[in-house]
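**Q** Pasting in a structure now, in structure tokens, and then I'll have a few things to ask.
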Amino acid sequence: MTWHLLGAGNIGTLVASYLIQAQQPLRLAGRGGPPVLRTLIWPQGAQRTLTLPGDDDAPISQLLITTKAQDTAAALRPLLPRLTDTVLLVRLQNGLGSLDGLPLPDGSRIIEGITTSGAWRDGPRIQVVAENDTLLGDADASPEPPAAIAALLPHWPGARWCTDIRRQQWLKLSVNAVINPITALNDCPNGALCDDPARQQQARALAEEADALLRRLDPDWPGDTYGRALAVAQATAANMSSMRADLRAGQRTEIAFINGWLLRQADRLGMSLPSHRLMVAALPA
Ligand code: KPL
């Protein structure tokens, strides 16, 4: 069965290379016309040019979503009439909630993914920085992946099926909710979070509010978002966070799907998260 790819950016193109490697047919979604050529370069120098065929307007039964969270609803809405009743949607994005409120078919199955792999645009080519862990799973904590994912996993370095994807997503989201807005607003690399008392105080407030909320949502929540955020900031000290990069490029940020997601959960529970609210108000969504 054909995969449609929504969002042939850096990570989307990297995953497209795994699909091609797995000999799974692939087409761009929502982008007709001639095939698009994309060249990937791996850290050891290997280079590969992919031919990504344009959309065929056929029914969509397997959709890989790698758009930025903030662009998803607009990109997906025109495709909704083409989704089959049992469409498999794989969402590989930063942030949570990008599919909320969209009228998806009742029988659709959503696979959630998080990755720490990195790739960036280097002129006309895409430089793969690292192929790290990728976790895929679903909200039902299914013990086994669907067949289409099982066929893909052996060709996707670092990818594995995960039975607690929600916990893993929250662990990532809570760290992003601390590092990303602070580094974006201060226009600083991730490591600058660790050595400035004012930023540390901001980080602590964001982390404590996130922990208070996530503990209400899950009594087994492990907490220590502050410690985990500092550890990630240290480990990625020289990196530019994705939110800082978006802000610098004059683009909308993922704030509504990171801190904004936390706020929406808090509102439902009548909790106030003042530090997150400030971040949501300060950054373009
Ligand atoms: O995921 C990230 C991001 O920038 O979105 C971190 C972990 C903060 C690394 O830069």
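**Q** What are the pairs, 6+ residues apart or on separate chains, where a residue within the range 170-193 that is closer than 14 Å to Ala237 by Cα has its Cβ under 6 Å from a residue that is more than 11 Å from the ligand (Cβ to nearest atom) and among the polar types (S, T, N, Q)?
**A** The qualifying pairs are Ile182/Gln202.
**Q** Mind checking whether some residue in the range 120-134 is among the basic types (Lys, Arg), out of contact with any Asp or Glu (no Cβ under 8 Å at 6 or more places or on another chain) and modelled with pLDDT of 95 or more?
**A** Within the range 120-134, one or more residues are among the basic types (Lys, Arg), out of contact with any Asp or Glu (no Cβ under 8 Å at 6 or more places or on another chain) and modelled with pLDDT of 95 or more.
**Q** Another one. Can you pull out every residue in the range 243-281 that is farther than 16 Å from Asn176 by Cα, within 14 Å of the ligand (Cβ to nearest atom) and either of a type outside the set (S, T, N, Q) or crowded, with 24+ Cβ neighbours inside 10 Å (or both)?
**A** Arg248, Ala249
**Q** Moving on to the next point. Taking Gln202 as the residue in question, decide whether it is outside any loop (DSSP other than H, G, I, E, B), within 16 Å of the ligand (Cβ to nearest atom) and out of contact with any helix residue (DSSP H, G or I) (no Cβ under 9 Å at 6 or more places or on another chain).
**A** no
**Q** Continuing with this model, one more query. Among the listed residues Ala141, Ala148, Ala159, Ala74, which satisfies the condition of being exposed (fewer than 14 other Cβ atoms within 10 Å of the Cβ), away from the ligand (no atom under 16 Å from the Cβ) and farther than 22 Å from Arg31 by Cα?
**A** Exactly one of Ala141, Ala148, Ala159, Ala74 is exposed (fewer than 14 other Cβ atoms within 10 Å of the Cβ), away from the ligand (no atom under 16 Å from the Cβ) and farther than 22 Å from Arg31 by Cα, namely Ala141.
**Q** A further question follows. Name the strands (runs of 3 or more DSSP E) wholly inside the range 14-65 in which the number of residues that are buried (at least 17 other Cβ atoms within 10 Å of the Cβ) and of a type outside the set (A, V, I, L, M) is 1 or more.
**A** 26-28, 36-41, 60-65
**Q** Sort out for me the strands (runs of 3 or more DSSP E) sitting completely within the range 93-136 that have 1 or more residues that are touching a helix residue (DSSP H, G or I) at 6+ places or on another chain (Cβ under 8 Å) and among the hydroxyl-bearing types (Ser, Thr, Tyr).
**A** In the range 93-136, 109-115 are the strands (runs of 3 or more DSSP E) which contain 1 or more residues that are touching a helix residue (DSSP H, G or I) at 6+ places or on another chain (Cβ under 8 Å) and among the hydroxyl-bearing types (Ser, Thr, Tyr).
The values are calculated or read from the model by the stated rules, or taken from the named source; none is laboratory data. Not measured: the values here are computed from a predicted model. With ideal geometry, Cβ positions are generated from the backbone for all residues, glycine too; neighbour counts draw on all protein chains shown.
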